[in-house]
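Peer 1: Quick one: the structure is below, and I'll ask about it shortly.
The values are calculated or read from the model by the stated rules, or taken from the named source; none is laboratory data. Since this is a predicted model, take the numbers as computed values, not measurements. We place every Cβ from the backbone using ideal geometry, glycine too, and count neighbours over all the protein chains shown.
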Amino acid sequence: MTDRSPARIIACVDTGVDDAMALAYLLASPAECELAGVLAGYGNVDAATAERNTRLVLDLFGRPDIPVFRSSTHPSWADSFIPDAGCARFHGADGLGGYVEGSRSGTGRSASSADSDDLDESDDLATAVPDAARPDGVVSVGGYRIDDPHANPAGGWRVSPFADGEDDSPRLDGIGFLIDQVRRYGRGVTVLATGPLTDMDAAIGRAPDIAGKLRLVMMGGTLSQPGNCWDAVAETNVIQDPEAADRVLHSGADVTMVGLDVTHRCLLPSKAADRWRSTGTERGRFLARLADFSIAANLEADPAIFAGGMPLHDPLAAAVALDPTLVSTFGIALRAETATGDFTGVRGRTTGDPVGLVTPDAPRVHVALDVDADRFTSRFVDRLAALCAA
């Protein structure tokens with residue numbers, strides 16, 4: 001990989017624990033990666049928190065010069081968004097495993113354990129989201145409508161769930177930046193999406209001419225494995241905005257899907273956290289805390305699958321964006337289901353599109369089904385250890 005120019009990367013993130021690690025990996029790979037900019041949007045956390053977390057990571061690792069744009073604040077099918085308790089369980093109320101003291105709600109509470117602080121059985125949405133605070137229109141709670149029985153707001157959002165920012169300062173246009181980069185570099189720039197595909201959908205919707213020029217590596221979806229949402233069918237990033245995902249998958253862009261089929265085979269063990277912590281640096285303590293938090297949360301959720309550590313979802317996608325040889329892919333016409341019911345599938349599921357069986361030129365997605373897990377995890381731990389010690 002060192003005999004060619006670094007890959008130019010634009011990252012679309014919803015910065016929680018593994019997004020932060022993915023960003024760190026990109027920064028730890030300067031010979032292979034030129035990180036041109038980051039779009040921070042909703043998903044694991046709200047967009048404002050994702051932006052704050054992204055800036056924190058870039059500052060900590062010495063790259064405050066990289067532009068950060070606050071991007072999509074809600075899915076394309078909704079008017080507003082509330083993070084859910086499931087994401088809080090795996091990322092902490094602050095998105096970074098409690099590294100940031102307090103939460104945006106102003107409670108001053110630090111997420112110091114893998115406790116999701118979700119609603120008690122005696123609670124209801126009327127208590128969690130007061131009518132006075134609830135906006136008009138459709139509200140998404142982690143991909144579910146607020147009146148869906150699966151909607152479960154993160155506890156830290158009971159006080160002020162709809163504040164998207166601390167000020168009214170004008171925000172730079174991240175979608176415009178992404179469009180300009182693709183128009184200028186074509187497939188010489190890779191877009192890495194580790195959150196919902198709302199930003200990608202918005203960019204293609206605004207500038208349809210970029211679709212055929214776009215190279216996208218996405219973390220999300222699953223083809224051969226169960227999902228990680230309530231129904232064990234859908235994957236988290238896709239269920240946030242299935243409509244956007246489906247449009248992107250059919251856009252004609254060059255899409256590589258790095259989903260649960262491969263990320264669940266790349267587990268980070270506790271000894272990696274110990275190694276980073278042993279550097280004695282703030283960077284090492286930061287990454288070790290993220291790892292400790294996520295390892296504990298995943299082990300509690302599924303002791304059988306995650307006995308070996310936390311799944312490196314977003315870091316694997318970042319690594320594939322730099323080195324596609326880490327995975328083997330299967331080309332398939334793919335769709336994201338947008339409804340649940342008889343003859344419609346299950347909302348959020350990524351599955352083969354029957355149109356591809358009868359339409360030879362239907363867009364194909366490269367779905368990662370095999371991964372060189374040992375090569376990736378060793379490289380990941382080594383590079384971040386070197387970054388911590390730098």
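Peer 1: Looking only at the range 228-248, count every residue that is touching a helix residue (DSSP H, G or I) at 6+ places or on another chain (Cβ under 6 Å), surrounded by fewer than 24 Cβ atoms within 10 Å (Cβ to Cβ) and under 23 Å from Val355 (Cβ atoms) and tell me the total.
Peer 2: Residues in the range 228-248 being touching a helix residue (DSSP H, G or I) at 6+ places or on another chain (Cβ under 6 Å), surrounded by fewer than 24 Cβ atoms within 10 Å (Cβ to Cβ) and under 23 Å from Val355 (Cβ atoms): 1 in total.
Peer 1: May I pose another question? Would you confirm whether or not the range 1-16 contains a residue that is of a type outside the set (A, V, I, L, M, F, W, C), farther than 23 Å from Trp230 by Cβ and buried (at least 24 other Cβ atoms within 10 Å of the Cβ)?
Peer 2: yes
Peer 1: While we're looking at this one, here's another question. Is it fair to say Ser110 is modelled with pLDDT under 50, within 28 Å of Gly37 (Cβ to Cβ) and not β-branched (Val, Ile, Thr)?
Peer 2: No.
Okay, residues lined up against (1) surrounded by fewer than 18 Cβ atoms within 10 Å (Cβ to Cβ); (2) closer than 26 Å to Glu34 by Cβ; (3) of a type in the set (Phe, Trp, Tyr):
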residue	(1), (2), (3)
Asp314	no, yes, no
Thr351	yes, no, no
Leu357	yes, no, no
Ala390	yes, yes, no
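Peer 1: Consider the range 142-173. How many of its residues are modelled with pLDDT of 50 or more, of a type outside the set (Gly, Ala, Ser) and farther than 16 Å from Gly95 by Cα?
Peer 2: Total satisfying the criteria: 11.
Peer 1: Please go through the range 25-61 and pick out each residue that is free of Cβ contacts under 8 Å to residues at least 40 places away in the same chain and either part of a helix (DSSP H, G or I) or farther than 15 Å from Asp314 by Cβ (or both).
Peer 2: Pro30, Ala31, Glu34, Glu51, Arg55, Leu58, Asp59
Peer 1: While we're here: Looking at (1) crowded, with 22+ Cβ neighbours inside 10 Å; (2) over 17 Å from Asp302 (Cα atoms); (3) in contact (Cβ under 8 Å) with a residue 24 or more places away in the chain, can you tell me which one Ala273 breaks?
Peer 2: Answer for Ala273: the failing condition is (3).
Peer 1: Give me a count of the residues in the range 336-348 that are outside any loop (DSSP other than H, G, I, E, B) and under 19 Å from the mean Cα position of the chain (by Cα).
Peer 2: Result for the range 336-348: 1.
Peer 1: Looking for something at pLDDT below 90, more than 23 Å from Asp246 (Cα to Cα) and either of a type outside the set (Ser, Thr, Tyr) or part of a strand (DSSP E or B) (or both) - is there at least one such residue anywhere in the range 174-185?
Peer 2: The first filter runs over the range 174-185 and keeps only residues at pLDDT below 90, leaving none.
No: the range 174-185 contains no residue that is at pLDDT below 90, more than 23 Å from Asp246 (Cα to Cα) and either of a type outside the set (Ser, Thr, Tyr) or part of a strand (DSSP E or B) (or both).
Peer 1: Quick one: which residue in Asp84, Asp65 is of a type outside the set (S, T, N, Q), within 28 Å of Val189 (Cβ to Cβ) and either modelled with pLDDT of 95 or more or touching a strand residue (DSSP E or B) at 6+ places or on another chain (Cβ under 6 Å) (or both)?
Peer 2: From the options Asp84, Asp65, the qualifying one is Asp65.
Peer 1: Being modelled with pLDDT under 95 and either outside any loop (DSSP other than H, G, I, E, B) or aliphatic (A, V, I, L, M) (or both) narrows it down to one residue among Ala211, Ala245, Ala232; which is it?
Peer 2: Ala232
Peer 1: Now for a different question. Do you know which of the residues in the range 22-46 that are surrounded by fewer than 24 Cβ atoms within 10 Å (Cβ to Cβ) and hydrophobic (A, V, I, L, M, F, W, C) is farthest from the chain's Cα centre (by Cα)?
Peer 2: Ranking the candidates gives Ala31 first.
Peer 1: Moving to a separate point now. Which one of the conditions (1) in contact with a Gly (Cβ under 6 Å, 6 or more places away or on another chain); (2) modelled with pLDDT under 95 does Met1 fail to meet, given that it meets all the rest?
Peer 2: Going through (1) in contact with a Gly (Cβ under 6 Å, 6 or more places away or on another chain); (2) modelled with pLDDT under 95 one by one, Met1 breaks only (1).
Peer 1: Now for a separate question. Quick check on the range 248-291: of everything there that is of a type in the set (Ser, Thr, Tyr) and in a helix (DSSP H, G or I), which residue is nearest to the chain's Cα centre (by Cα)?
Peer 2: Thr263
Peer 1: Would it be correct to say that Gly345 is at pLDDT below 95, surrounded by fewer than 23 Cβ atoms within 10 Å (Cβ to Cβ) and either within 16 Å of Gly227 (Cα to Cα) or in contact with a helix residue (DSSP H, G or I) (Cβ under 6 Å, 6 or more places away or on another chain) (or both)?
Peer 2: It is true that Gly345 is at pLDDT below 95, surrounded by fewer than 23 Cβ atoms within 10 Å (Cβ to Cβ) and either within 16 Å of Gly227 (Cα to Cα) or in contact with a helix residue (DSSP H, G or I) (Cβ under 6 Å, 6 or more places away or on another chain) (or both).
Peer 1: Give the residue, chosen from Thr340, Thr329, that is modelled with pLDDT under 95 and surrounded by 14 or more Cβ atoms within 10 Å (Cβ to Cβ).
Peer 2: Thr340
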